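To start, the structure itself, in structure tokens.
Read-outs throughout are calculated quantities, based only on the coordinates presented, and are distinct from any laboratory measurement. Values in this document were obtained by computation on a predicted structure and should not be read as measured data. As a convention, Cβ positions derive from the backbone with ideal geometry for all residues, glycine included, and neighbour counts pool all protein chains shown.
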Amino acid sequence: MGAQAKNRNIAQLIVSKVIPHIVLLLATVVIGLPFFWMLTTALKSPQEVAIFPPVWWPETIRWDNFVTAWNTAPFGRFYINSIVTAAFGVVLGLIAAAFAAYAFARIRFKYRDFFFLVMLAAMMIPGQIALIPNYVILAKLKWINTYQGIVVPHIANVFGAFLLRQYFLTIPDSLYDAAEIDGMGHAKIMLYVALPLSKPVLGTLLLYLFIQKWNAYLWPLIVTSKQNMRTLPVGLAMIRSAEYAIGPEHLMAASIFVLVPVLLVYFLAQKQLIEGIAAGAVKG
Amino acid sequence: MSVREKRDMWAFIGFTAPTFILLALFIFWPIFYSAYLSLFKWNMISPRKTFLGFQNYQDMFKDPVFWLVSKNTILVAFYTVVVKMGIALYLATQLNKRVKGSSMYRAIIFSPTFTANVAIAMVWTWIFEPTFGLLRVVLRPLGFPMIDWIHSTSHSLPAVIIVLVWSGIGYDMVLFLAALKNIPLEIYDAALVDGASPLQTFWRISFPLVSPTTFFLTITGFINVLKSFDIVRIMTEGGPLNSSNVFVHYLYQNAFQWFRTGFASALALILFIFIMIITLVQNRLSKHWVHY
């Protein structure tokens, strides 16, 4: 009897502790390996890149691959373009989302429910179908190859507005009422009551927007044709073409340029980002 | 209208105006404009548009590439969604056992979600490289011949699917994990007392109770794959011979490489209608299928 119970305990321990570790470790390796491969390739010599079976770690680390990659194309300029467009995109996106969110959470208006449905509808419509009309509009405005051309069509974000609205609704009515009795208008209540109390969700939204804008490829690709207006992802895709004739080690080094800022943000705030995703989706 | 009502109305209009003006200009108006453009032959630059009626739609339905691209898109969406959700749910059940280091596992498995698609496509192109690629290290001991994934008509589409699955697992896993954590522990205790096996517990308790998430991920995953562009653009450009071409990429080629604006607008409208149908079906089905 005692031995049987012991065996059952061991079996249970394996199922509950050992198997999860094996499975999760395997998944972690499969997901992590391409990142490791990117890094190790970026540090290899041309000879080490062209060997099979491959070497896992270079004999001498070639930091100069990063210098070569950086000099293949105006990466400094790409960085500036990405920073400027992401910064404006994030700030303007947050402002637009905050005002809309406050209106839907706190301002009484007869047709509010109707406009809410309009917002929902906008979220369903895939942006991809609007590529041509948006291009035509920007061409009319002479905004092709400009920062505003990259930024403005994607300022309105329904997801952000809904996320903030949800949060504004959780703030107790008594706080809003007190502010109103103090004679504050809607703009002041939003600025001095709603927003300061929503710092965590504002932070999460800011990070999402930043990552989304930093990684964007399709729209910046369409709306820029001059090299000096390219953002990082577009510039990175560009140097892959034959005319640049650079090796995999340089392509991987250049890919790392694009990843570094987002990886930094991710590793500093991964808990907040992941839990924000989970919470946002569960609440709908 | 009282003074207060009036004040509120203007405040509402003012607060929502930036969002609604931008949505009207860049989301709603484009639907009508696309419908209009789809009736013309136009190269996007010349001031002259030639009216064609429904010619673009007729051409589209006669175009073998349109059908191939539609088929590819559905295939990619189907396989990507099914495979990544299956793996993600399994990983989520393992993570839910609250093992040590689970936040580290979760962080790494989730990380492709926030990684630029361009960089993902870049490193995977190099992994798929037939001679020196990392994948060959794995496949050769298993007896596979050398495969030129990217340049093979039979392997380019699976290559795209592999990358989409790889980059999408983390997101699905995190959502499944959140759903699993919402299941009250008493239900599991009751099952244990009744002598249910782990497999029974999974199929009779966990699986039905995460069905809202499964449903949500199926629909959003499907729609997101329909819209995928980046990976295909960087890895294969839809080739060889359109074997890995997908809908939005074909739309892009028509619009911005070949300047067939009218034809591309017809494609956009078909995509729009298709996604609207999925969304409506979703609304109907969610009432019947999902156990809340």
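When you look at the Cβ of every residue in A:226-237, what mean number of other chain Cβ atoms sits within 10 Å?
2
Based on the Cα coordinates of the protein assembly as shown, what is the per residue volume of their convex hull in Å³?
Each residue corresponds to 196 Å³ of Cα convex hull volume.
Treat each spin label as a single point 7 Å out from the Cα along the C-beta direction, and report the residue A:227 to residue A:47 distance in nm.
In this crude spin-label approximation the distance works out to 3.2 nm.
Once amide H atoms are built 1.01 Å from N in the peptide plane, which residues 5 or more positions from residue B:40, or in another chain, come under 5 Å H to H?
B:52
Below 12 Å, Cα to Cα, which aspartates and glutamates can residue B:84 reach? Residues fewer than 8 away in the same chain don't count.
Partners found: B:172.
Please work out whether chain A counts as rounded, prolate or oblate from its C-alpha gyration tensor, where a ≥ b ≥ c are the square roots of the eigenvalues and a/c under 1.5 means rounded, while otherwise a/b larger than b/c means prolate and anything else oblate?
oblate
Tell me which residues come under 5 Å, amide H to amide H, from residue B:239 once H is placed; ignore anything under 5 positions away on its chain.
Residues meeting the criterion, in which the H sits 1.01 Å from N, are B:244.
Per residue of B:120-132, what is the mean number of Cβ atoms on other protein chains within 10 angstrom of that residue's Cβ?
Going residue by residue through B:120-132 and averaging, the value is 6.
Would you mind classifying chain B by shape? Square roots of the alpha carbon gyration tensor eigenvalues, ordered a ≥ b ≥ c; an a/c under 1.5 is rounded, otherwise it is prolate if a/b is larger than b/c and oblate if not.
oblate
How crowded by other chains is A:15-25, given as the mean number of beta carbons from other chains within 10 Å of each beta carbon?
Going residue by residue through A:15-25 and averaging, the value is 5.
Tell me what the protein assembly as shown gives for mean residue ellipticity at 222 nm when only DSSP H runs of n ≥ 4 count, each as -39,500 (n - 2.57), the sum divided by the residue total, rounded to 500 deg cm²/dmol.
After summing the helix terms and dividing by residue count, I get -22000 deg cm²/dmol.
Please give the net charge around residue A:20, taking every other residue with its beta carbon less than 10 angstrom from that of residue A:20, where Lys and Arg add +1 and Asp and Glu add -1.
It works out to a net charge of +4.
Just to be sure I understand the model, the point goes 7 Å from the Cα along the line to the Cβ. What's the resulting residue A:17 to residue A:188 distance in nm?
Each label point lies 7 Å from its Cα, and together they span 6.1 nm.
For segment A:73-238, what log10 I(q)/I(0) values come out of the Debye formula at q = 0.16, 0.17 1/Å, with one point per alpha carbon and no solvent?
Computed log10 I(q)/I(0) values: -0.95, -1.02.
What range in chain A is the longest one free of trypsin sites (Lys or Arg not before Pro) that are in a loop by DSSP and have at most 12 other Cβ atoms within 10 angstrom?
Answer from the scan: A:1-107.
With labels modelled as points extended 7 Å from the Cα through the Cβ direction, what inter-label distance (nm, one decimal) is found for residue B:36 paired with residue B:185?
In this crude label model, residue B:36 to residue B:185 measures out at 6.2 nm.
By per-residue mean of other Cβ atoms within 10 Å, what is the highest-first order of B:252-258, A:152-158?
For the peptides B:252-258, A:152-158, the packing ranking is A:152-158, B:252-258.
Among the complete DSSP H segments of chain A, which ones combine at least 27 Å of alpha-carbon extent along their axis with a mean Kyte-Doolittle hydropathy of 0.5 or more?
A:19-42, A:75-106, A:248-283
Looking at chain B, do any whole DSSP H helices span at least 18 angstrom along their long axis by alpha carbon and average 1.0 or above on Kyte-Doolittle, and which?
B:64-95, B:156-181, B:211-226, B:261-289
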